[in-house]
Structure formats: C-alpha cells, structure tokens
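Q: Once you've had a glance at the structure underneath, I'll fire off some questions.
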Amino acid sequence: MKPVIYLLLPLAALFAASVSLSAKDRLVEKSGRTPDWIMSAGKDRFSVFAQADDMNLARDKCLEDIKQYIVNSIAANVVSVEHSTVDSRNYDGLEEIYTTYSSDLRTAAAKLPFLTGISLSNAEEIYWEKYRRSSDKSHYYMYYVLYPFSRFERDRLIRKFLDYDMEKYNTFLAAKDMYGRISDVSQIDAGIRQLEPLLQYFFDGVRKKETETLLAAYRKAYSKISLVPGRHELGRFTYGLMLEGRDITCSVMPSLRSETAVALVVAPSDAGYELTYDYSLCYPSEDNYVLITYRFPGVDLKYRYEFDVREKEQKAMLTGVLDILAYRRDSTWRADVSVNVRSKTDGDFGIGDVNFSLGPSMRFNYGDTAPFSGRSSQILRFTVDLEGADASVPSRGMVSGTADVKTVKGTERITFTLPYRLEYREL
C-alpha cells in the first residue's frame, strides 16, 4: 500500500490525525511510553512524523522531513535577513531575489553541501507505534522524531548559505569577465564547465537568465573562431586563429588532408602556426591543396589552403600579404596596394596588368607596368580607382588573381593566391 506522509503539520492537525487513526484502527505495539513532545514544540527543537506500512520507510521519510524543515527554516529566514539588511548589503542589484523567488530558494537550499550532517543519530528522541487496520487487518507504523535545532544552529546555516550563494555568483562573474579575454580554446571549455552547474544551482530568474545567456555565448564561441591566413611560399604556410578580433591559441593540433602533398605537419610558430608540406610529387594539372580541420564541440573549423606548384618555375612571383588601404577622396574611392615581389632572374623585368577583386564593386586592375631588377625581394606598389566600397568584405582573407611578368624573352601570365589585409580610412 502506498505510504501516507504527514509533513510538518500544525499541532492541531497532528492531534486530529492521531485521534482519527486511534478511532478506526487498533494499537498493537509501541516502542515505549507515549512522549509528551508529540503535542508540543520548543524553540530549540521540532518534531516530525510519518506513516508507512514498513517501519524503515517511515523512518526514512522522517529523515527527509527533518531535512526539509531545516531547509524551509533557512530559506524563510534568508528572506527575513534580506528584508532587514537591504540597505547595508550589496548583491549587485539582486536584493529582492530571495523575496521574489523564496519557493525556488527552498529547492536550491536542499542542494547545499553543508546539510549532509543531518542524521537520525542526532535525534533527541524517537517513538513509534504499530497499528492494525480494522478494514483488512494489515499493519502500519506511526514513526515520530524529536530533533534539536537551535537558533544558533539556524543562524550558522543561514550565514553558510549566504556565503555559499555569493561564492557561486562570484564564480559566474569571473566566467563573464573571462569571456572577453579568452586567449586559448581551453578557456572556452573551462567556462562551459563552470557555468553548467551554476545554471542548475541558481534559483532566481535574474541570475539564471544571465547564466543561460553567458553559457550560450561560450558554446557559440567555437563557431566564431576563424583561421586567418598569413604568409605562404611553396612548402610553407603560416596562419593564426582569431576569436572576435582577438588572437587565440589551441593546444590541439588540426587534422590535415591532401590528395597530392605529403609530409604534412603543423606546429606553433611566432606568427601563430606554420604548415609545412612536401610538394615534390605534385603536378600543375592537379588540384593541389591542404585541408586544415579543427574539430571543436558541435562545429568543425575548415580551411582549404591551395598552392600552385608552377611558382617554382616562375621568373618572378607575388608573395607575402596583399596590403590594401581603401579611402575616399572627392567622392571617389581609391585603393593603395602593396605586395612583395620575389625574383629569380638577374636581369630587368616588370610586373603589370595585376587583376583581382574582393567583390562586385571592389575590382582591382593595375594596367601599368612597374620596373624591377635583379634577384631580390622587392615591393610592388600601385594605386587604382574603385567603383565603390563593400562593407561586407572581411578585413582579412584570401584572394586569387593574375599578373603579367615581362622580361626580354616575353610576357608570362602568372596566377597568385595570397592572404590580404584590407583597411578603410577617411581622407
């Protein structure tokens, strides 16, 4: 039969319940003389009782009721403390939390670690009665416990509760502050591990909503990580990782895949990370690339780095980062462009007819020829007019284009794929 539980009833109700039971059912056994504390209560103790067909079940239920009584007492008095100290305590605008959400606070208080010492071995007195039902002659037990709970102990637990609760909120504030300073992917993992138990603990809507929002931001942070290309040359490519404009590191190296290149290795470098690969078996007609994949919880960051093995045969090539400064002067948009030129010839040569685009309105066409000479690393600089600016174009990325290398032997059309850096400036 399902046990019937009497939880913290007023004394009048307890008396009425006892009289009703006695009138219907027969008392067949009891643990001793009926104590007088069943019908009374003191300021330093309280009593609970439970009915069940099994004595162990009744005893366990009494223990649960004792814990709930203490939890309710702590919660109710926390509300009282907050009311009386609202002018002297600062909870960052959360003074009304306990008053508004006192019922939820009781649920939270039940999870407190310092309430684990409650045990029937600490009871002042235990008394039980065994009854036989008049209806079907089955038996059940009435189990009574008198438990000590002084005002001093209550106040001690209230202080512990307030300190514990503030410690939890300070943990939240630390995670909130860390989000804006994340410098390694492991800090995202740590933030999520901190916030998940806080979301379960916070009993008020204000802090729970704050925690939900911050936890969602931490989880979404993985998808906001981007791979920003740096310098590249055949066999070598540098890049960095960024989160919302900040450099970020990752201790877990990515997976690498290529259909043509071999000996793929990524290692940390001064520029962030450096990919090295062996392209000796690659042919110009093949799709030469390395797929870089970082696997984060719930999302993969993939970057396809493409390389052109014809660079090893070219007399001159564009290398490094394509720096672009776009500005508007007299209602006309222009751009100053600079990029490194690496030469393999001892003689004179020229670079011209440079073409690439960053969008429909940002087409770059340098039709002149810039003169160069000798084997050295030099810089090509030119200025072009633009049809307009496009705010949707990322400030960093990769761009592909073509250029003409002119020597005494003729003109060679080369292709390039380079990282670019775009900056806007009002003049």
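Q: Can you put Asp368, Asp44 in order of accessible area, largest first, using a 1.4 Å probe?
A: Largest accessible area first, the list is Asp368, Asp44.
Q: Too long at a 19 Å Cα-Cα cut-off: which of Lys168/Lys208; Lys160/Lys209; Lys168/Lys224?
A: As for pairs spanning more than 19 Å Cα to Cα, those are Lys160/Lys209; Lys168/Lys224.
Q: Next question, about the same structure. With the crude spin-label approximation of a point 7 Å out along Cα→Cβ, what separation in nm comes out for Glu125 versus Asp247?
A: That separation, rounded to one decimal, is 7.5 nm.
Q: Pull up the cross-link candidates among the lysines for Lys406, meaning alpha carbon to alpha carbon under 21 Å and not fewer than 8 places away within one chain.
A: Lys312, Lys315, Lys344
Q: Give the ranking of Ile292, Ile126, Ile118 by solvent-accessible surface, highest area first, calculated with a 1.4 Å probe.
A: My answer, sorted largest first, is Ile126, Ile118, Ile292.
Q: When a/c is below 1.5 the answer is rounded, else prolate if a/b is larger than b/c, else oblate, so apply that to region 294-374 with a ≥ b ≥ c taken from the square roots of the Cα gyration tensor eigenvalues.
A: Oblate, because a/c is 1.5 or more while a/b does not exceed b/c.
Q: Still on this model: Between Ala174 and Asp346, what FRET efficiency follows from the Cβ-Cβ distance if R0 is 35 Å, with the result rounded to 0.05?
A: 0.05
Q: Just the accessible area for Leu358, please: 1.4 Å probe, Å², rounded to the nearest 10?
A: Spelled out: Leu358, probe radius 1.4 Å, area about 20 Å².
Q: Also, quick follow-up: Can you give the accessible area of Thr213 in Å² (nearest 10), computed on protein heavy atoms with a 1.4 Å probe?
A: 80
Q: Taking the Cα-to-Cβ direction at Arg363 and at Ile379 and moving 7 Å from each Cα, how far apart do the two end points lie in nm?
A: Label-label distance for Arg363 and Ile379, simple model: 2.9 nm.
Q: Between region 360-427 and region 149-210, what is the C-alpha centre distance in whole Å?
A: After rounding, the separation between the Cα centres reads 53 Å.
Q: For an R0 of 51 angstrom, estimate the FRET efficiency from the Cβ-Cβ distance between Arg133 and Glu167 and round to the nearest 0.05.
A: Here the calculated transfer efficiency is 0.50.
Q: Could you give the length gained by full extension between Arg425 and Ala391, i.e. 0.36 nm per residue of separation minus their alpha carbon distance, to one decimal place?
A: Computed gain between Arg425 and Ala391 is 11.0 nm.
Q: Using a cut-off of 12 Å between alpha-carbon atoms, which aspartates and glutamates can reach Lys30, once sequence neighbours fewer than 8 places away in the same chain are excluded?
A: Counting by Cα, and skipping residues close in sequence, Lys30 has these aspartates and glutamates nearby: Glu129.
Q: Continuing with this model, one more query. Please report Rg (one decimal) and Dmax (integer) in Å for the Cα set of region 213-330.
A: 16.9, 56
Q: Which of rounded, prolate or oblate describes region 174-269 when judged by the alpha-carbon gyration tensor and an a/c cut-off of 1.5?
A: The shape class here is prolate.
Q: Okay, next question. Heavy atoms only, 1.4 Å probe, whole protein assembly: order Tyr424, Tyr131 by accessible area, highest first.
A: Greatest to least solvent exposure: Tyr424, Tyr131.
Q: Same structure, new question: Can you list the residues of region 223-254 with backbone N under 13 Å from a point 7 Å past the Cα of Ser186, pointing along Cα to Cβ?
A: 249-253
Q: Rg over Rh of region 167-213, using C-alpha atoms and the Kirkwood radius, what does it come to?
A: My calculation puts Rg/Rh at 0.97.
Q: Then there's this: Just for the Cα atoms in region 135-187, what are the lengths along the principal axes, largest first, rounded to whole Å?
A: For region 135-187, the Cα extents along the three principal axes come out at 72, 36, 14 Å.
Q: Moving on. Region 325-413: D in µm²/s via Stokes-Einstein (Kirkwood Rh, Cα pairs, 10 °C, 1.306 mPa s)?
A: Roughly 111 µm²/s, to the nearest whole number.
Q: Taking the Cα atoms of region 128-231, what is the range of coordinates along each of the three principal axes, in descending order and whole Å?
A: If we take the Cα atoms of region 128-231, the spans are 91, 40, 22 Å.
The values are calculated or read from the model by the stated rules, or taken from the named source; none is laboratory data. If you're wondering where the values come from, they're calculated on a predicted model, not measured in any experiment. No Cβ is skipped: glycine too gets one built from the backbone with ideal geometry, and neighbour counts run over all protein chains shown. Calculation scope for accessible area: heavy atoms of the full protein, side chains included, ligands and nucleic acids excluded. Shrake-Rupley method; radii C 1.70, N 1.55, O 1.52, S 1.80 Å.
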